[in-house]
1. So which of 391, 398 is touching a His at 6+ places or on another chain (Cβ under 8 Å) and either assigned to a loop (DSSP other than H, G, I, E, B) or away from the ligand (no atom under 16 Å from the Cβ) (or both)?
2. List every residue pair whose Cβ atoms sit under 7 Å apart, with the two residues 6 or more apart in sequence or on different chains, where the first one lies in region 305-333 and is over 22 Å from residue 259 (Cα atoms) and touching a residue at least 40 places away in the same chain (Cβ under 8 Å) and the second, anywhere, is surrounded by fewer than 23 Cβ atoms within 10 Å (Cβ to Cβ) and acidic (Asp, Glu).
3. I'm trying to understand the selection: among the residues of region 356-382, which are within 16 Å of the ligand (Cβ to nearest atom), more than 19 Å from the chain's Cα centre (by Cα) and among the basic types (Lys, Arg)?
4. Could you pull out every one of the strands (runs of 3 or more DSSP E) wholly within region 265-362 that has 2 or more residues that are closer than 16 Å to residue 387 by Cβ, assigned by TED's automatic domain parsing to the domain that holds residue 242 and of a type outside the set (Val, Ile, Thr)?
Amino acid sequence: MATQKKKKNSPLPLATVAVFGAAALVTLVVYDHTPRTESMTVGENSAAVSELPAQTTVTTEGTAMLTTDTTTVLTTTVTEATQPLPPGSVTGISLTFYSCALKVGGNRVMPIVTMTPETATDKSEKWESSDPAVATVDGIGWITPVGAGKCTVKVTSVNNPAVFAEVVVSVTDPNAPTAASTVPIGGTAPAETAAPAAEGTASAESGAPAPAAPTANTTVNGRLEVKDGITYIDGIMIVNKTYSLPASYDPGALTPDADQAFAMLQKAAKLDGLTMNCVSGYRSYQAQDTLYHNYVARDGQAAADRFSARPGHSEHQTGLCLDVNYAGDAFHDTPEAKWLEENSWKYGFIIRYPKGKEDITGFKYESWHIRYVGTDYAKLIHDSGLCLEEYFGIDSKYAE
Ligand SMILES: [Zn+2]
């Protein structure tokens with residue numbers, strides 16, 4: 001029998017989440033930020049569950065609250081599991097996005113669901129919309145805009161109804177002139193989505209003419225090789241604004257090498273008292289297509305191009321990169337970000353979009369986005385102080 005406690009309080013300096021039983025599910029709703037769902041077990045820490053540098057510690061029992069030194073108040077719902085869950089139960093759900101802005105008559109979207117553990121026996125999903133007059137959702141998660149307004153679309157585990165995740169959906173009606181200015185856009189979107197700050201950096205489009213993309217199966221400078229539409233340099237897969245992947249390239253998950261390397265990185269970080277979670281790993285061409293076009297609809301193309309890749313140009317499609325803990329600017333100053341900067345190369349990863357290299361990589365600084373290149377190249381690139389594009393002498397600019 002699960003019970004729920006919900007508290008909303010004024011800020012306190014420390015967060016403690018307390019639960020009964022062997023497993024608990026904690027839903028953190030960060031107002032004005034991204035709703036997140038975290039699955040925890042007693043005794044474990046979950047770091048950086050929000051974009052705020054708060055740490056959540058699961059102890060023994062009670063209620064939960066997460067606050068920060070800012071005025072942001074987080075409401076935490078603790079769902080208690082009074083009995084240990086049977087083996088094979090679903091204990092967590094994550095989505096590829098937690099908010100979206102849609103237009104009446106525009107495209108529908110579908111967040112990709114990941115249920116954990118991977119070994120869960122029944123991963124069936126139940127979808128519902130809090131307001132079908134705003135957006136409807138079908139049995140597999142396609143969210144279709146219906147009318148202007150805001151609603152929440154919820155996916156629940158059929159196996160364990162205590163486990164769910166939500167997408168905040170904002171719908172505007174382009175035919176109703178006042179709607180756009182009166183309907184607020186939903187919370188900050190996750191993964192690659194930190195809304196760009198208004199510091200006015202030029203977009204990637206504004207530079208020199210784009211170089212010609214390599215044609216199939218050619219070699220450039222004796223180093224760059226294209227096989228089946230995929231570009232490599234010395235065996236390192238290259239994906240940026242110049243070099244894309246075919247829509248059909250679909251490893252389906254992190255590659256075994258990247259996955260194993262990240263597991264080692266996690267263990268090493270843990271020894272240093274830090275928790276590193278993958279919040280976004282492999283992403284399909286189709287998922288990126290949806291994500292990118294949502295950002296274009298929300299922020300315009302020039303802005304979206306600074307922080308979200310066009311479909312085929314996302315490194316997440318390679319299965320070789322992942323976002324750690326929180327994909328947003330608030331991750332920059334965390335101990336976890338510092339640790340990644342100093343240590344991730346030892347496990348074969350590089351910080352793919354380093355600070356001050358936006359004009360070269362084509363993307364804003366992303367302290368959370370690490371790319372697996374193998375330990376040899378990770379060390380070489382790290383020691384050089386160069387970004388991947390500089391190291392290999394290549395560009396990152398869209399052709400159009
Ligand atoms: Zn990323």
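1. 398
2. Note: pairs meeting the criteria are 305/205; 311/289.
3. 357
4. 349-353
For every residue, the table says whether it meets (1) at pLDDT below 95; (2) more than 17 Å from the chain's Cα centre (by Cα); (3) surrounded by 19 or more Cβ atoms within 10 Å (Cβ to Cβ); (4) over 19 Å from residue 346 (Cα atoms).
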site: 218; (1), (2), (3), (4): yes, yes, no, yes
site: 224; (1), (2), (3), (4): yes, yes, no, yes
site: 230; (1), (2), (3), (4): no, yes, no, yes
site: 252; (1), (2), (3), (4): no, no, no, yes
site: 262; (1), (2), (3), (4): no, no, yes, no
site: 271; (1), (2), (3), (4): no, yes, no, no
site: 275; (1), (2), (3), (4): no, no, no, no
site: 284; (1), (2), (3), (4): no, no, yes, yes
site: 292; (1), (2), (3), (4): no, no, yes, yes
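The values are calculated or read from the model by the stated rules, or taken from the named source; none is laboratory data. Remember, predicted model here, so these are calculated numbers, not experimental data. So basically every Cβ, Gly included, is an ideal-geometry build from the backbone, and we count neighbours across all protein chains shown.
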